[in-house]
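The block underneath contains the structure these notes are about, expressed in structure tokens.
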Amino acid sequence: MSSKHHQLVSAGEPGMDRRLFMSSAIGMAAGAAMLPASAQDSGSGLGPPPGASLQMGGAPNGPKLFRVESDIKDVEVDGKIPEDLNGAFYRVGPDPQYPLRPGNIPFDGEGHVSMFRIKNGRVDYKTRFVRNDRYLAQEKAGRILFPMYRNPTVDDPSVKGLSRSTANTHIINHRNYLLALKEDSPPAAMNLLTLETVHPNYTFDGQLKSATFTAHPKVDSDTGDIVAFGYEATGFGSNDVNIFQITPQGKMVWEAWIKVPYVSLLHDFAVTDKHIIFYVMPLAFDEEQIKRGGVHWSWQKGKGTYFGVMRRGGDGKDLRWFKGPDRSSTHVMGAFSDGERVYVDVEMSEYNPFPFMPFADGSKWDPVKGASQITRLSADLSKKSPRDYKIEVLYPGYFGALPRQDDRYNTKPYRIGYVPCPHPNPADRSKRPNACWARFDHQTRKATLFDAGPGTTLYEAIFVPKNKTAPEGVGYLLGVATRQNEGGRGDLLILDAEHIEEGPIATVKLPIRAVPQIHGWWVPEDQLTST
């Protein structure tokens with residue numbers, strides 16, 4: 001491959017080339033990427049000003065909360081829903097019951113799940129809050145009882161012993177349940193069709209030994225098993241990680257315990273047919289900040305990163321850590337093993353990607369260094385004493401976060417990935433953050449772009465195969481667009497995943513704002529009708 005297509009550095013070498021183009025906070029991971037410009041505070045590094053609304057577009061004189069649970073039958077559709085697209089598209093994100101306290105961050109809202117039920121060319125829309133311990137306790141009290149993100153030391157005494165989970169980060173289906181996930185707690189299990197909360201604290205029939213459960217379990221490409229982990233697994237601030245595998249029938253068939261070099265935001269991980277890979281980064285547990293009443297994490301410059309690889313199915317004693325420079329990587333696009341080499345494709349920035357996460361040294365957030373690109377990390381395990389891991393930026397002209405793939409390839413070599421992004425034209429980046437979806441073909445290193453145009457912000461997109469046996473990437477790309485120039489109204493866009501540049505096949509036009517989203521998930525019709 002020629003240098004114009006990629007750049008490759010050793011993890012022990014100086015940082016990747018900085019592109020001085022941004023005047024807005026692009027490349028922010030997770031829900032941060034969806035903050036309206038009026039709610040950003042990139043100067044302080046602490047995020048939106050107190051009371052700024054993630055849901056209502058940050059209007060200074062408008063309501064601070066959304067909280068609308070919806071049931072809309074036969075939503076208006078422009079175009080035609082494909083005949084082979086039947087199932088449900090689920091989304092979840094933070095939607096605070098009460099205005100967030102000053103100093104808190106947008107990630108701390110209660111989990112609000114939405115469902116686009118697609119069947120026979122028609123679409124129904126339903127949303128419900130996850131009614132878990134936290135939600136019900138605050139509903140009864142009529143006020144916030146958990147006032148700071150992942151800081152139990154400032155909780156109201158009345159909620160001692162209750163789960164702090166917001167259940168607001170991701171969802172996945174398992175055993176006819178929809179599991180709403182937040183990585184500091186066990187999942188909450190919901191009814192797939194009604195969105196009723198069935199089990200507020202789901203522990204897989206008591207098999208879950210970890211105190212926590214990741215927001216990003218992987219589905220084995222061959223067996224359908226869930227491979228997952230919990231960090232801070234033995235309690236708040238612990239450096240223990242529990243890794244496990246659960247069959248579609250709900251039986252835990254493997255687990256291992258490891259320790260991390262330091263307690264870090266271990267938000268995602270990678271699983272291949274042979275290996276488990278973790279990435280420890282300097283967004284780290286800050287005990288002193290917690291004692292002062294602050295949030296769980298701060299960016300701690302100089303800690304370095306650790307790329308950890310272990311054999312899948314083993315006891316974890318073979319775990320090897322490769323050290324590298326300060327970087328941030330919060331989400332995995334895909335991963336695979338090639339003999340004794342492992343490859344993990346991630347969104348990666350030079351440092352803290354979240355403008356609202358504090359810096360331990362008091363630094364101000366830099367939107368250039370905080371911008372993420374799709375980056376390939378790799379390590380050669382055949383070497384007896386490799387000193388580092390490799391870092392390769394795959395698409396230098398593109399920035400963005402929340403990458404996805406065809407989820408049938410979670411643990412296999414894959415070719416196609418997707419990411420929401422600003423327009424690659426430097427003149428348009430600051431004007432239209434997160435107005436595009438990019439499709440990346442790793443075999444040809446070609447990027448294809450869907451541009452939603454001015455006044456539109458795009459959430460994470462998901463891929464839906466045309467059928468169970470369809471080749472990789474043959475199917476549909478689904479995601480929600482917020483029409484900022486229409487009062488924040490939401491549309492579900494359905495695109496041909498092979499030709500996203502052609503625009504939507506169909507647009508499902510909500511008459512209201514869509515609930516917020518961090519991540520989404522597709523459940524096909526045959527898995528819904530079995531409930």
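Tabulated results
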| quantity | calculated |
| --- | --- |
| Ordering of 506-517, 380-391 by burial proxy (mean other Cβ atoms within 10 Å per residue, highest first) | 506-517, 380-391 |
| Sorted largest first, extent of the chain alpha carbons per principal axis (Å) | 61, 55, 49 |
| Placed amide H near residue 518: partners under 5 Å, 5+ positions off or other chain | 92, 93 |
| Residues of type aspartates and glutamates that residue 369 reaches as a straight line, Cα spacing below 20 Å, ignoring anything fewer than 8 places off in the same chain | 13, 17, 41, 326, 345, 347, 350, 361, 392, 428 |
| The stretch 159-239 - convex hull of alpha carbons, volume per residue in Å³ | 106 Å³ |
| Per-pair calculated FRET efficiency, R0 = 25 Å: residue 234 and residue 201 via Cβ, rounded to 0.05 | 0.90 |
| Per-peptide average of other Cβ atoms within 10 Å, ordering 445-451, 479-485, 268-274 highest first | 268-274, 479-485, 445-451 |
| The chain: relative contact order as a whole-number percent, Cα under 8 Å and 6+ apart | 17 percent |
| Label point at residue 323 placed 7 Å out along Cα→Cβ; residues across the stretch 236-267 whose backbone nitrogen lies under 16 Å | 260-263 |
| Dipole magnitude (debye, nearest 20) for the stretch 7-528, charges at Cβ of Lys, Arg, Asp, Glu | 640 debye |
| Residue list for the stretch 408-424, given a label point 7 angstrom along the Cα-to-Cβ vector of residue 223 and an amide N cut-off under 20 Å | 408-413 |
| Reachable lysines, given that their alpha-carbon falls under 18 Å from the alpha-carbon of residue 209 and they are not under 8 places away in the same chain | 182, 251, 259 |
| Global form of the stretch 124-267, assessed from the alpha-carbon gyration tensor, a/c cut-off 1.5 | oblate |
| For the stretch 225-367: rounded, prolate or oblate by the Cα gyration tensor [a/c cutoff 1.5] | prolate |
| Spin-label pair residue 74/residue 209, simplified geometry with 7 Å Cα→Cβ offset, distance in nm | 5.4 nm |
| FRET efficiency, 1/(1 + (r/R0)^6) with R0 41 Å, evaluated for residue 380 and residue 84 via beta carbons | 0.45 |
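Readers should treat all values here as calculations from the given coordinates under stated rules, not as data from a laboratory. All values derive from a computational prediction rather than experimental measurement. For neighbour counting, all protein chains shown are included, and Cβ atoms are generated from backbone atoms with ideal geometry for every residue, glycine included.
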